[in-house]
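Enquirer: First, the structure itself, so that you have it in front of you.
The values are calculated or read from the model by the stated rules, or taken from the named source; none is laboratory data. Nothing here was measured: the structure is a model prediction, and the numbers come from that model. Cβ atoms come from the backbone with ideal geometry, glycine included; neighbour counts cover every protein chain shown. What goes into the accessible areas is simple: the full protein's heavy atoms, side chains included, and nothing from ligands, DNA or RNA. Shrake-Rupley method; radii C 1.70, N 1.55, O 1.52, S 1.80 Å.
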Amino acid sequence: MKSENLNFSWLFQIKYVILSTKYGMRMLKRLLFLASIATLMAGCQSKVAQKSIVILYENDVHCGIDGYTKMAGLRDAINRSDTAYAAAVSVGDFLQGNTTGAISKGGYIADIMQKMDYHALTLGNHEFDYGVPRMLELLGQIGAPVTCVNFYEAGASQPYYAPYVIHQYGDKKVAYVGAVTPETMQLEGYAFYDTNGVQLYDLKQDVFYQLVQQAVDKARGEGADYVVLLSHVGETPQSMGFSSYRLVNKTRGIDVVLDGHTHEIIEGAKVKNLDGKEILVTQTGTQFAHVGKLLITPDGNITTHLIKTKEIPYEDARITAATDSIRQKVKAVTSKVVGHTDYMLVVSDANDQWVVRGDETNAGDLVADAYRYAMKADIGIENGGGIRNNIKAGDITYGDVIGMLPYDNTLRRISVTATQLKDMLTRCTAMVPKLDGNFPQCSGLRFTIHSKSHTVSDIEVQQADGSYAPIDMNRTYSVALTDYNHDGGGLFECFKKCPVLQESTLRYYEALSDYISKVLGGNTGKVYAQPQGRIKIVKD
């Protein structure tokens, strides 16, 4: 829809809706959406020199490529109306998340984002998934200004990217300050060290909040009228305790926080800063469930609003063409059927809660079994954060498998003592009932979690005949897992020093595909209809 259509006669259109029986509700929705855009623009028409500023934002897209054209289309429609300045920004976690990212190592996503003309973007923890060299290559390909206060080369005195970027909109300057959670050094630890354990990069966890404050102060000193924080940190504190709420509590001078990382849907929470001033914190969810709209009016009033992406009636033709082309390329690789399941393989529930991060699921059992079989190990383990998407009942395609396991991880077999195994189980389940990406999905192992005392008991290992016997604390066991979990990217580095028994080039999604098609004969069967009782959780 062209921008000049925003100035139509509302009476005529409403009459049309009433008279039309086939398209009435569809047109009414469209009119209501356009009314909200018209309201946004109306206040600026008498003061063209002092137009409002509209900043559209997204976070944790995770390869949800269909939303880009809608976001760009909306931004361009506002700009064409010449009643407000409009821009778009990204708050991280865009290179990884499903098949589109996995088979191109983020390349297809960079192709699309290069056409978005972002005014700023910051790093998410999953930008590090393919390693720092690949991340730097892709960000260079995107070409948008990158800002991150706390990403440093080890030993460097200045951050790798600018701590802030400033854009001028009319007579106002907006500074974008970027930050990524320091917990990334745990979550994607393998990206920060070489194979000898020498640190290559740093996220400055000890001075994180101070670095944000320094960037804000410098941006203000450079004349910024408004400071917008692109914060891939999240509202809910994770294992290291960082959160955007705490960041606001410890700083001053930030006008609004566009947040990410924890996939929450927050239109505009009010959080007090160091001076007691209430600051808006907002987050759009994940995979383009919403596009966020930050509005700064000429008189300095700041509001945030979430728009359901599917209800945006605009598109950008160039980006639509790019996503259509990429979708065809992905389809050519992923459409092959590798098996069938009569039951959904569960990673998250109907409310998009990552149940695989806090309890045993049938998907977790299947994945861990595939590792154990492929590597001929006593035990198979995958952290819940590494299993990303459900597989619906029906035929299972290669794309479904990659969507569930979308990273570039390979498998290893390592030697683990019984003590190390018990310590891992205790530490990685300590947050139960809260969800945590380190939660272990297991094969060849069963145990009980005590959610109040944060302990584990009744650890048993499966024997050759299929029965279980208590763990022998005097012996070692072979464990199949990903290079990510061995190198320190997950499971709290519990196995980082364990010796390698076998190094494999088999990617973890290839192991799952082979297990379904060859070992299970192409059908998951009733055995994976439900979790198999390997993990018991009691409240004591």
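Enquirer: Any residue that is touching a residue at least 12 places away in the same chain (Cβ under 8 Å), closer than 30 Å to Leu491 by Cα and open to solvent by 30 Å² or more (accessible area, probe 1.4 Å) - is there at least one of those in region 265-274?
Expert: Checking region 265-274: at least one residue is touching a residue at least 12 places away in the same chain (Cβ under 8 Å), closer than 30 Å to Leu491 by Cα and open to solvent by 30 Å² or more (accessible area, probe 1.4 Å).
Enquirer: Quick test of your reading of the structure: Ser415 fulfils all but one of (1) on the phi < 0 side of the Ramachandran plot; (2) open to solvent by 30 Å² or more (accessible area, probe 1.4 Å). Name the failing condition by number.
Expert: Here Ser415 clears every test but (2).
Enquirer: Okay, next question. How about region 212-234: which of its residues are open to solvent by less than 10 Å² (accessible area, probe 1.4 Å) and either at pLDDT below 95 or touching a Ser or Thr at 6+ places or on another chain (Cβ under 7 Å) (or both)?
Expert: Val212, Val216, Leu230, Ser231, His232, Val233, Gly234
Enquirer: Could you please let me know if Asn249 is more than 18 Å from Tyr152 (Cβ to Cβ), more than 16 Å from the chain's Cα centre (by Cα), free of Cβ contacts under 8 Å to residues at least 12 places away in the same chain and surrounded by fewer than 21 Cβ atoms within 10 Å (Cβ to Cβ)?
Expert: Criteria not met by Asn249.
Enquirer: Kindly provide the set of residues from region 176-194 that are open to solvent by less than 10 Å² (accessible area, probe 1.4 Å) and among the aromatic types (Phe, Trp, Tyr), ordered by number.
Expert: Tyr176, Phe192
Enquirer: A further question on this structure: Output yes when any residue across region 6-13 is more than 18 Å from Gly285 (Cβ to Cβ), open to solvent by less than 30 Å² (accessible area, probe 1.4 Å) and at pLDDT 95 or above, and no when none is.
Expert: Checking region 6-13: not a single residue is more than 18 Å from Gly285 (Cβ to Cβ), open to solvent by less than 30 Å² (accessible area, probe 1.4 Å) and at pLDDT 95 or above.
Enquirer: Here's something else I'd like to know. Can Tyr130 be described as closer than 12 Å to Asp408 by Cβ and part of a loop (DSSP other than H, G, I, E, B)?
Expert: So Tyr130 fits the description; yes.
Enquirer: Considering only residues that are crowded, with 23+ Cβ neighbours inside 10 Å and not polar (S, T, N, Q), which ones fall in region 348-361? Full working, then the answer.
Expert: Initially, region 348-361 is screened for residues crowded, with 23+ Cβ neighbours inside 10 Å, giving 356-357, 360-361.
Within region 348-361, Val356, Arg357, Glu360 qualify.
Enquirer: Continuing with the same structure: Only strands (runs of 3 or more DSSP E) wholly contained in region 436-497 count here; list those with 2 or more residues that are surrounded by 13 or more Cβ atoms within 10 Å (Cβ to Cβ).
Expert: In region 436-497, the matching strands (runs of 3 or more DSSP E) lie at 440-443, 445-450, 455-462, 476-482.
Enquirer: OK, next. Look through region 186-202, keep the residues that are of a type in the set (D, E, K, R) and in contact (Cβ under 8 Å) with a residue 24 or more places away in the chain, and return whichever of them is farthest from Gln158 (Cα to Cα).
Expert: Filtering region 186-202 down to residues of a type in the set (D, E, K, R) leaves 188, 194, 202.
So of that shortlist, the ones also in contact (Cβ under 8 Å) with a residue 24 or more places away in the chain come out as 188, 202.
On the way: Glu188: 22, Asp202: 11 Å.
The residue in question is Glu188.
Enquirer: On the basis of being closer than 27 Å to Thr341 by Cα and either in contact with a Cys (Cβ under 8 Å, 6 or more places away or on another chain) or open to solvent by 70 Å² or more (accessible area, probe 1.4 Å) (or both), does Lys526 make the cut?
Expert: Yes: the conditions hold for Lys526.
Enquirer: Select from region 418-435 the residues that are open to solvent by 50 Å² or more (accessible area, probe 1.4 Å) and more than 24 Å from Thr262 (Cα to Cα) and list them in ascending order.
Expert: Thr419, Gln420, Lys422, Asp423 - these are the residues of region 418-435 that are open to solvent by 50 Å² or more (accessible area, probe 1.4 Å) and more than 24 Å from Thr262 (Cα to Cα).
Enquirer: Okay, next question. What pairs come out if I take residues in region 145-158 that are at positive phi and pair them with residues that are open to solvent by 10 Å² or more (accessible area, probe 1.4 Å) whose C-beta lies under 9 Å away, six or more apart or interchain?
Expert: Gly155/Gln199; Gly155/Asp202
Enquirer: Now for a different question. Which numbered condition trips up Val461, out of (1) more than 27 Å from Thr410 (Cβ to Cβ); (2) in contact (Cβ under 8 Å) with a residue 60 or more places away in the chain; (3) of a type in the set (Val, Ile, Thr)?
Expert: Checking Val461 against (1) more than 27 Å from Thr410 (Cβ to Cβ); (2) in contact (Cβ under 8 Å) with a residue 60 or more places away in the chain; (3) of a type in the set (Val, Ile, Thr), the one that fails is (1).
Enquirer: For region 83-117, give me each residue that is under 16 Å from Tyr176 (Cβ atoms), hydroxyl-bearing (Ser, Thr, Tyr) and open to solvent by 10 Å² or more (accessible area, probe 1.4 Å).
Expert: Tyr85
Enquirer: Among the numbered conditions (1) within 15 Å of Gly489 (Cα to Cα); (2) open to solvent by less than 10 Å² (accessible area, probe 1.4 Å), tell me where Gln199 comes up short.
Expert: Against the list (1) within 15 Å of Gly489 (Cα to Cα); (2) open to solvent by less than 10 Å² (accessible area, probe 1.4 Å), Gln199 comes up short only on (2).
Enquirer: Would you check if there is a residue in region 529-540 being of a type in the set (A, V, I, L, M) and either in contact with a Lys or Arg (Cβ under 8 Å, 6 or more places away or on another chain) or assigned to a loop (DSSP other than H, G, I, E, B) (or both)?
Expert: Looking for residues that are of a type in the set (A, V, I, L, M) and either in contact with a Lys or Arg (Cβ under 8 Å, 6 or more places away or on another chain) or assigned to a loop (DSSP other than H, G, I, E, B) (or both), one finds at least one in region 529-540, hence yes.
Enquirer: Right, something else. I'd like to check something: does region 362-376 contain any residue that is in a loop (DSSP other than H, G, I, E, B), open to solvent by less than 10 Å² (accessible area, probe 1.4 Å) and touching a residue at least 40 places away in the same chain (Cβ under 8 Å)?
Expert: Checked region 362-376: no residue is in a loop (DSSP other than H, G, I, E, B), open to solvent by less than 10 Å² (accessible area, probe 1.4 Å) and touching a residue at least 40 places away in the same chain (Cβ under 8 Å).
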